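**Q** Let me give you the structure first, and then I'll get to my questions.
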Amino acid sequence: MTCRVGVFTGGGDAPGLNAAICGLGRRLAAAGAELIGFEDGWRGLIHDRSRSLQDANFQHLLVYGGTLLGSSGDNPYRDPAVNVPRVLATVARHRLDAVVAIGGEGTLGAAHRLFRDHALPIVGVPKTIDNDLEATDFTFGFFSAVEVVTRAMDDLRSTAESHGRVMVVECMGRHAGWITAYAGVAAGAEGVLVPEREAHLEALCERLQRLRQSGARSAIVAAAEGTRIFEDGKCLSSTERDEFGEYRIGGVAELVARRIQARLGWEARHLVLGHLQRAGRPTAFDRIFALRLGARAARLVLEGRFGYMAAMRAGEIVDVPLEAAVAARKVISDQFLDRYEAFFLPVGGP
Ligand code: F6P
């Protein structure tokens, strides 16, 4: 009997999703399995919205960003009494032998629970520009986002220099500073603010002032959207929490730019890069990385090894339990921050 496999992409899109579907589809097709795509993340399984990917010509799709299946942040555990049975019914109706979930923390967290509590035959593929998933060195989409941010900061240099300004660039990543840290270091930013360390304006301004006194006309500050900003010992960031108990994020660059200008009298502007960081084509690395992860997920399905996720460990594509991937959020370690001490602020507070 033909093996029937469902696939969906959940959460915020990330460059490389189509390549992951492509890697999965090509490997399954070679094994004679049938692939069915569910639309808009978990929503497609909750409301049974699907289409056959059987004769899809994946080859040309892997170069594009976005996702051919659509995505959403829906999650069966928002209203589990209603939505979990719906997902299970959809799987049964389509006589699926396996489901492949391509997503981040939220999507794979639900995948793990459905595997654990309902024996759903599911495997995961890690995607998120935030790179905050445990048990994998990287997620695809991350390096594409880093490239966008690095290029933006490189380009901002000329206008910052012309006008003698500080440019504060706000980067995505939610509660992890990976994008900001990698892009900030790559672009030679004079300040890098990440959620993993409290940012004290006194220390940042002292540092900028020193640079100015030594002849700098301009400076770039990379600020992660989840950074907590302090001044005179007081937290200036929002203390509001969302429905998951997390601090509300965003508005960091504007706040920092305003305070730099007020404290130093150095003209400052801010820029929120926003969804541009998820837009455009995946880098060559992300295309190949996602293809390999998709192909590994197909292998897990064909071997009947469910509850696992394809991952990268020390440059190799391996399998890890879904449970390990969603156990905790992967944030930047102190060791990493210390290594780049010259960029991360403040080191040791004001
Ligand atoms: O998790 C990916 C991400 O792009 C975060 O970096 C960002 O905070 C969030 O999604 C934005 O979500 P939305 O697309 O719902 O505005």
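The values are calculated or read from the model by the stated rules, or taken from the named source; none is laboratory data. Because the structure is a prediction, the values reported are computed rather than measured. We place every Cβ from the backbone using ideal geometry, glycine too, and count neighbours over all the protein chains shown. Just the protein is used for accessible areas: all its heavy atoms, side chains included, with ligands, DNA and RNA removed. Shrake-Rupley method; radii C 1.70, N 1.55, O 1.52, S 1.80 Å.
**Q** Considering each of Leu264, Leu271 in turn, give the residue that is in contact with a helix residue (DSSP H, G or I) (Cβ under 6 Å, 6 or more places away or on another chain) and modelled with pLDDT of 95 or more.
**A** Leu264
**Q** So, Arg207, is that one in a loop (DSSP other than H, G, I, E, B) and in contact (Cβ under 8 Å) with a residue 40 or more places away in the chain or not?
**A** Judged against the criteria, Arg207 is not a match.
**Q** Asp242 - would you say it is within 16 Å of the ligand (Cβ to nearest atom) and assigned by TED's automatic domain parsing to the domain that holds Asn75?
**A** no
**Q** Which of the residues belonging to segment 45-81 are within 17 Å of Ala110 (Cβ to Cβ) and polar (S, T, N, Q)?
**A** Within segment 45-81, Ser71, Ser72, Asn75 qualify.
**Q** In addition: Could you please give the count of residues in segment 6-41 that are β-branched (Val, Ile, Thr) and more than 21 Å from Thr139 (Cβ to Cβ)?
**A** Qualifying residue count, segment 6-41: 1.
**Q** Residues being in contact with a Lys or Arg (Cβ under 8 Å, 6 or more places away or on another chain) and surrounded by 20 or more Cβ atoms within 10 Å (Cβ to Cβ): count how many of those fall in segment 320-345.
**A** Total satisfying the criteria: 2.
**Q** Can you name the residue in segment 1-35 that is touching a strand residue (DSSP E or B) at 6+ places or on another chain (Cβ under 8 Å), open to solvent by 10 Å² or more (accessible area, probe 1.4 Å) and not in a helix (DSSP H, G or I) and, of all such residues, is nearest to Ala101 (Cα to Cα)?
**A** Gly11
**Q** Which is in contact (Cβ under 8 Å) with a residue 24 or more places away in the chain and surrounded by fewer than 16 Cβ atoms within 10 Å (Cβ to Cβ), of Arg78, Arg116, Arg51?
**A** The unique qualifying residue is Arg116.
**Q** Condition test on Val99, is it among the hydrophobic types (A, V, I, L, M, F, W, C), more than 16 Å from the ligand (Cβ to nearest atom), touching a Pro at 6+ places or on another chain (Cβ under 8 Å) and assigned to a helix (DSSP H, G or I)?
**A** no
**Q** Within segment 55-66, work out how many residues are assigned to a loop (DSSP other than H, G, I, E, B) and open to solvent by less than 30 Å² (accessible area, probe 1.4 Å).
**A** Total satisfying the criteria: 3.
**Q** May I pose another question? Of the residues that make up segment 128-146, is at least one open to solvent by 10 Å² or more (accessible area, probe 1.4 Å), within 13 Å of the ligand (Cβ to nearest atom) and in contact with a strand residue (DSSP E or B) (Cβ under 8 Å, 6 or more places away or on another chain)?
**A** Yes, that holds for at least one residue.
**Q** Do any helices (runs of 4 or more DSSP H) entirely within segment 103-190 hold 1 or more residues that are in the same structural domain as Ala81 (by TED's automatic domain parsing) and among the charged types (D, E, K, R), and if so, which?
**A** Fully inside segment 103-190 and qualifying: 105-118.
**Q** Mind listing whichever residues of segment 150-176 are in contact with an Asp or Glu (Cβ under 8 Å, 6 or more places away or on another chain) and within 15 Å of the ligand (Cβ to nearest atom)?
**A** Glu170, Cys171, Met172, Gly173, Arg174, His175, Ala176, listed by residue number.
Conditions (1) open to solvent by 10 Å² or more (accessible area, probe 1.4 Å); (2) of a type in the set (S, T, N, Q), marked per residue:
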residue: Thr159; (1), (2): yes, yes
residue: Gly164; (1), (2): yes, no
residue: Val169; (1), (2): no, no
residue: Val192; (1), (2): no, no
residue: Pro195; (1), (2): yes, no
residue: Arg207; (1), (2): yes, no
residue: Leu211; (1), (2): yes, no
